[in-house]
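Quick notes on the structure that follows.
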Amino acid sequence: MFKRHFFILVAACLVGLMVLAAVLKVTLADDKGGAGGPGRGGPGGGRGQAVAEAIATPREFADQIRVLGVARSKRSVNITSSTTELITRVMFADGQRVAAGAPLVELQAREEDADLIQARAQLLQAQREHDRYRILAERGVAPRVTAEQAETALESARAAVAASEARRGDRILRAPFAGVLGLTTVTPGTLISPGSVITTLDDTSAIRVDFPLPERYLGALQIGTPLSATADAYAGETFDGRIALLDTRVNEQTRAVIARAEFANPGNRIRPGMMMRVAVHQGRRQSLSVPEAAVQYEGQGAFVYRIARGENGTTAQRVEVQTGAVEGGFVEILSGLDNNDHVVASGLNRIQPGAPVTVGGGAQKGGARAAQAAR
């Protein structure tokens, strides 16, 4: 019995010594890392989080007003008929570019053709009578008043022919200006009525965009102010234009004035009806900036991690900043940083304030050098 209790006591002592040794080992390891050893990213350490570094530097920013607008052609019209009539000829193709005055559609004109034949016959008869009475009046056979009446009848016949030719010409619908025709569904034999759209005609050599502009900007903008626009159809591409006109009235409900922008349209790439995101440039300025990836937003505020180098190594310090415009992948910093401050540009979601970091290579001004973001 004595031997059994002795062995149990010895075993318990051994277990207690093993636990004590483990606790001392962990404690000594923590003390060593906190003193700048390799365990916590000190001068000789390598376990600090690897990050990319960027330098806060001045950059040019533009004050912009961003609004939405719809693209319209320089000139646009729906080709319609003023009467109910059959189409006898279609003289264009879908999508065709036409000159001003080009014939597009001919309507049935049997009555107009008959009236024109009659008017020309009456003109010919009036011309004969005028010539005969003029000769007789010169010879003294016929009175002078008869010759004058024949001359008046001749002028009336000429006017009747001109009117008949005009009515016949109205049966041919022509392009009012040069442009590009749209799609059509009419064919010879189609019966059209007043207001029915035969096709569309657009002059897309230039594009105009009308958009609302808050009245508070009227003092800063004027005709000729440069602007740019983007369209979903051409991602990443910018179209440059200018303000061509400002409306004379301010809307009482929206407190905005309609501004009209004009854009060149080489290749007719912008089409009427496209949604355009317009940015009106008010001016340019130099401000401190950092890459967008270096800024984190929290509620109504924003912050960055500034890289601080000290005797115990490199750490990341959280700094509240006031941001301004965002342009070209950079964020304007209004306050919170100084020129040439070094900030963390990657792995922000893994960093704790005051944590040690390892910079992955030298920093580049106005940008960041890529580095692995792993613990």
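The values are calculated or read from the model by the stated rules, or taken from the named source; none is laboratory data. Here the structure is a predicted model, which means the values were calculated and not measured. In this analysis, Cβ positions are derived from the backbone assuming ideal geometry, glycine residues included, and neighbour counts consider all displayed protein chains. These accessible areas exclude ligands, DNA and RNA; they are computed on the full protein's heavy atoms, side chains included. Shrake-Rupley method; radii C 1.70, N 1.55, O 1.52, S 1.80 Å.
Considering only C-alpha atoms, what is the centroid distance from the range 206-255 to the range 150-174, in Å? Centre-to-centre distance over Cα atoms comes out at 49 Å. Applying 1/(1 + (r/R0)^6) with r as the Cβ-Cβ distance of residue 68 and residue 162 and R0 = 41 angstrom yields a FRET efficiency of 0.20.
Here the accessible area of the range 73-208 is 52 percent carbon and sulfur, with a 1.4 angstrom probe and all protein chains present.
Convex hull volume of the Cα atoms of the range 83-122, normalised per residue: 104 Å³. With all protein chains kept in place, the per residue accessible area of the range 46-128 amounts to 54 square angstrom at a probe of 1.4 angstrom.
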